[in-house]
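The values are calculated or read from the model by the stated rules, or taken from the named source; none is laboratory data. Computed from a predicted structure; not experimentally measured. Here the Cβ positions follow ideal geometry from the backbone for every residue, glycine too, while neighbour counts run over all protein chains shown. Only protein heavy atoms, including side chains, enter the accessible area calculation; ligands, DNA and RNA are left aside. Shrake-Rupley method; radii C 1.70, N 1.55, O 1.52, S 1.80 Å.
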4 protein chains.
Amino acid sequence: MIRRYLYHQLAPEGWHTHGLSPMNKLVCVLILAASFIAIVETEPTIRDAYPLTFGGLEAFFVAVFSIEYLARLYAAGEDPRYSGIVGRVRYVFTWWALVDLIAILPFFLGFIAHNNAFLLRLFRILRLLRLSRLGRFSRAWAALAEALTARVHELVISIGVAGLLLLFSAACLYAVEAAHQPEAFGSVLRALWWSIATLTTVGYGDVTPITALGKLFAGITAVAGIGIIAMPTGILAAAFSDAFQNNDNDKKQGE
Amino acid sequence: MIRRYLYHQLAPEGWHTHGLSPMNKLVCVLILAASFIAIVETEPTIRDAYPLTFGGLEAFFVAVFSIEYLARLYAAGEDPRYSGIVGRVRYVFTWWALVDLIAILPFFLGFIAHNNAFLLRLFRILRLLRLSRLGRFSRAWAALAEALTARVHELVISIGVAGLLLLFSAACLYAVEAAHQPEAFGSVLRALWWSIATLTTVGYGDVTPITALGKLFAGITAVAGIGIIAMPTGILAAAFSDAFQNNDNDKKQGE
Amino acid sequence: MIRRYLYHQLAPEGWHTHGLSPMNKLVCVLILAASFIAIVETEPTIRDAYPLTFGGLEAFFVAVFSIEYLARLYAAGEDPRYSGIVGRVRYVFTWWALVDLIAILPFFLGFIAHNNAFLLRLFRILRLLRLSRLGRFSRAWAALAEALTARVHELVISIGVAGLLLLFSAACLYAVEAAHQPEAFGSVLRALWWSIATLTTVGYGDVTPITALGKLFAGITAVAGIGIIAMPTGILAAAFSDAFQNNDNDKKQGE
Amino acid sequence: MIRRYLYHQLAPEGWHTHGLSPMNKLVCVLILAASFIAIVETEPTIRDAYPLTFGGLEAFFVAVFSIEYLARLYAAGEDPRYSGIVGRVRYVFTWWALVDLIAILPFFLGFIAHNNAFLLRLFRILRLLRLSRLGRFSRAWAALAEALTARVHELVISIGVAGLLLLFSAACLYAVEAAHQPEAFGSVLRALWWSIATLTTVGYGDVTPITALGKLFAGITAVAGIGIIAMPTGILAAAFSDAFQNNDNDKKQGE
């Protein structure tokens, strides 16, 4: 009885009306709240001002998500594929169940990393992976994957052309500027940083050519290359846009 | 008799020919002039060179706009909805009447703020809100709102995707660069400033990764992310463009 | 006899075959050469290395263009509109004849400016106006003007929206940052420099917000505004593109 | 017998099934590996850590590519055009045979440059030209050339317009800023570096106008010019995109 109720509330495929069940809506809100807290907590001035609050909030969210995980595991038995102990083990290794597990794990692993600043930071941002749990509730992924597949050949060639252009301009600047700025242009790999910053038009200005020949090459590649570098991202954006519109159409037809 | 004349001159719906009445054209010119003066006045070198001029001009504009406000209030009686005292009160709380009031208020509130530099600056730029009064004379708003509504779903998803990308790249750089540049990358919130500057391709260069791993992550997100970040603004621009063209078509059909 | 020959050679409308007459082709080459010399001459290291060459070359080009001007004036008599002394005076005040005159004038005015560095620089770059003489030989101008006229309403509204956005973000940053960076954000006019550099995504980085609130506003306007600022230039580029294609079509139909 | 086998394996036109022969696939992998090694070798910290490895690897790749070159020369005899000694000489001077030769040459020329750092760097990046050998195996070139030819007129005019705009804004800034920043704006040629960095929106920030008039001109050209500068690269990207799609269609029809 309770299991049947939980199944209807928790499994997206168990809820027959349009939209999300009240319990899943609450889960979404909790995920967003936990992610927001995780972001704010990284700021040391805020963390040090309320040292206990963030530890308490994190423990609370992990407790709630652990209970939710167990409830989902229990409710999964309603689905014939996942009933029985063998079925439950099969459920634990489904994609979204693993994602749910990863959302709780960093808390327990956090104790291991207690003295390592880098691992601590890593576990802190791993909490943001919880945001990916929202994906469970969206049907947009299939549409996105389809749109990307339809353009995969175009995407690969344009990434290849863009990569060659990045390499080519990095190699030119390396040949010309290496003697004057060994730190910034001392190898093709180092010059690639300049190359990416320039051809994406980000242009930080931390690294710029200083010789006349370097400026000439840089000017030519900047003018000629911008449209070429924008091609893969343009194709990617078009694929996203297609996916949204297909999804919209599907929804309209489904209503 | 005067009220009827004022109504025809002041209310856009009271003027039956195409375009604006002479009195409303004058009001538009005065709004533009007052805004121009308000912008120039913020420059201290100019303000200090002519200390009395700007005070006098502002008093003049406020006087004119106050008279205009009272004239509109008086003329509103021609409209059956706003006749009588109850009708006038109703008129005062219409959207555009409130906007008109806000255009005069900062002058009178300015006396309160006389010793607070921040409030003074705030009241100075609040005068620029007068520019929004020009909106009263344009029929483009309805078209713009319609065009945005038609794309609201697309807009929300693309803002979501762009936001996740910003967060993701900020989190990566925080994990990698925090130890070397605590001031700029010491938290995900701080790293977001770098993230926005990079993915919009603004690239101020006040904050850049310095470790090899940070440059690698930054390069990948720059190349992959630019098209994605441009999506919401692209949709916004397309909605604006649709609104202009619909508005143009309406005008042509109306002529 | 000579006048008729000169008319056929010099006046674009006097040459009946497709393309340009040999003499006009030579004039085009001379204009490009003179402009190239004028650009190179501004570089002091080159100018000082060959002090006499550039003066001589400039005198040569002015002599040739003066002879060309007189030849055009003489040949114009073949056209019934410009025959006789009254007709010649009328010719002198046609658009392209004035442009031709401006191409020679800076040389003679140069003697006046001999001791003023700014005027000297101004006359030096005025020589580049000779490039506009090339426009005489192209029929693309009419197509371009037509394409711009067709989109003038769209262009005006989008420039207005872009201008309001620039003002709005400059006013926000002025309110927030003026106290901390009076040099860069001390007035709305000064903040406009930051505003333009950011919203066009140029992002020099000479002026950036340093307060948390300033960075918040800057981030929001950067993300929201980029697509809007690109609208007028996008419309302009589309008008150019239309003009090229119409011109191409006209040529193909004319052949 | 061996010659016939080599011909089928090495010449793309000798392999009748779809795709590449096993031997050519191996050649592709070797080219990519050799290019990767060539890029990594330019980094002095890596090169100095394994001084012998890179010399050995390079010798190995040159040996393999030399054997491959001789094998191709030998196998070319299967083609009636290149049989006999005269045919072989004709083969050596075909486009792709010359490209193959250039891929081996830098190694042998490297001995000449042993004491010249610039020539050493040049020969190191010349190895990257090996990547162009991959072009032999792709049929995309013809499609790309066709797409560019179809838009050549549009491309030339838009490059002309973009060039004039770059010159014009450089000349303005030279006139206004030369007195204050002779190093950066002391000639039109020097100002072009600023001009390119600004109008492509790269905006390094190493050179920015500092006078009010200079900022005014820079702001106007930035707002007005961005769409215009992006036109040639936009046309270039559209031509690339056309070429990809035509190539895709050809492949689909060919299957």
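Residue-by-condition table, conditions (1) away from chain C (no Cβ under 14 Å); (2) among the acidic types (Asp, Glu):
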position	(1), (2)
B:ASP100	yes, yes
B:LEU105	yes, no
B:ILE112	yes, no
B:ARG130	no, no
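Scanning the range C:65-86 for residues that are exposed (fewer than 15 other Cβ atoms within 10 Å of the Cβ) and either touching a residue at least 12 places away in the same chain (Cβ under 8 Å) or more than 20 Å from C:SER21 (Cβ to Cβ) (or both) returns C:ASP79, C:PRO80, C:ARG81, C:SER83, C:GLY84, C:ILE85, C:VAL86. The sole residue among B:LEU119, B:LEU105 that is in a helix (DSSP H, G or I), more than 27 Å from B:VAL29 (Cβ to Cβ), out of contact with any His (no Cβ under 7 Å at 6 or more places or on another chain) and not assigned by TED's automatic domain parsing to the domain that holds B:ILE210 is B:LEU119. Among the conditions (1) assigned by TED's automatic domain parsing to the domain that holds D:VAL27; (2) free of Cβ contacts under 8 Å to residues at least 60 places away in the same chain, the only one that D:ARG133 does not satisfy is (2). For the range B:168-183, taking the residues that are under 22 Å from C:ALA224 (Cβ atoms) and open to solvent by less than 30 Å² (accessible area, probe 1.4 Å), the one that is farthest from the other protein chains (Cβ to nearest Cβ) is identified as B:SER169. Only one of the listed residues (C:GLY214, C:GLY227, C:GLY160, C:GLY205) is more than 30 Å from B:SER138 (Cα to Cα) and either free of Cβ contacts under 8 Å to residues at least 12 places away in the same chain or in contact with a Lys or Arg (Cβ under 6 Å, 6 or more places away or on another chain) (or both). That residue is C:GLY205.
Modelled with pLDDT of 80 or more, surrounded by fewer than 23 Cβ atoms within 10 Å (Cβ to Cβ), in a helix (DSSP H, G or I) and of a type in the set (A, V, I, L, M, F, W, C): does that describe A:ALA243? Write out each step before concluding.
On the way: modelled with pLDDT of 80 or more: no; surrounded by fewer than 23 Cβ atoms within 10 Å (Cβ to Cβ): yes; in a helix (DSSP H, G or I): yes; of a type in the set (A, V, I, L, M, F, W, C): yes.
No.
If only residues of the range B:111-142 that are among the aromatic types (Phe, Trp, Tyr) and at pLDDT 80 or above are counted, the one that is least open to solvent (accessible area, probe 1.4 Å) is B:PHE123. Of the candidates A:ALA143, A:ALA71, the single residue that is of a type in the set (A, V, I, L, M) and within 30 Å of A:ALA238 (Cβ to Cβ) is A:ALA143. In the range C:20-42, the residues that are loosely packed, with under 14 Cβ neighbours inside 10 Å never reach a residue that is outside any loop (DSSP other than H, G, I, E, B) with C-beta atoms less than 6 angstrom apart, at least six apart or across chains.
Exactly one residue among B:ILE235, B:ILE226 is in contact with a helix residue (DSSP H, G or I) (Cβ under 7 Å, 6 or more places away or on another chain), closer than 17 Å to D:VAL202 by Cβ, at pLDDT below 80 and open to solvent by 10 Å² or more (accessible area, probe 1.4 Å), and that residue is B:ILE226. Selection of the range A:54-83 for residues being of a type in the set (Val, Ile, Thr) and touching a helix residue (DSSP H, G or I) at 6+ places or on another chain (Cβ under 9 Å) yields A:VAL62, A:VAL64. Filtered by the rule that a residue be in a helix (DSSP H, G or I) and either of a type in the set (Phe, Trp, Tyr) or not assigned by TED's automatic domain parsing to the domain that holds C:ILE125 (or both), the range C:18-61 gives C:PHE36, C:PHE54, C:PHE60, C:PHE61. Within the option set A:PHE61, A:PHE108, A:PHE54, being of a type in the set (Phe, Trp, Tyr) and either touching a residue at least 40 places away in the same chain (Cβ under 8 Å) or open to solvent by 40 Å² or more (accessible area, probe 1.4 Å) (or both) holds for one residue only, A:PHE108. For A:ALA59, the stated conditions do not hold, so it cannot be described as at pLDDT 90 or above, within 30 Å of B:GLU177 (Cα to Cα), more than 14 Å from chain B (Cβ to nearest Cβ) and out of contact with any strand residue (DSSP E or B) (no Cβ under 7 Å at 6 or more places or on another chain).
Criterion applied to C:TRP96, C:TRP15 was being of a type outside the set (A, V, I, L, M), in contact (Cβ under 8 Å) with a residue 24 or more places away in the chain, open to solvent by 40 Å² or more (accessible area, probe 1.4 Å) and in the same structural domain as C:ARG130 (by TED's automatic domain parsing), and the one residue passing it is C:TRP96.
Selection of the range A:184-214 for residues being facing chain D (nearest Cβ under 8 Å) and under 18 Å from D:ARG121 (Cα atoms) yields A:GLY186, A:SER187, A:VAL188, A:LEU189, A:ARG190.
Look at B:ARG151 and say whether it is open to solvent by 10 Å² or more (accessible area, probe 1.4 Å) and over 25 Å from C:TRP194 (Cβ atoms). The answer is yes for B:ARG151.
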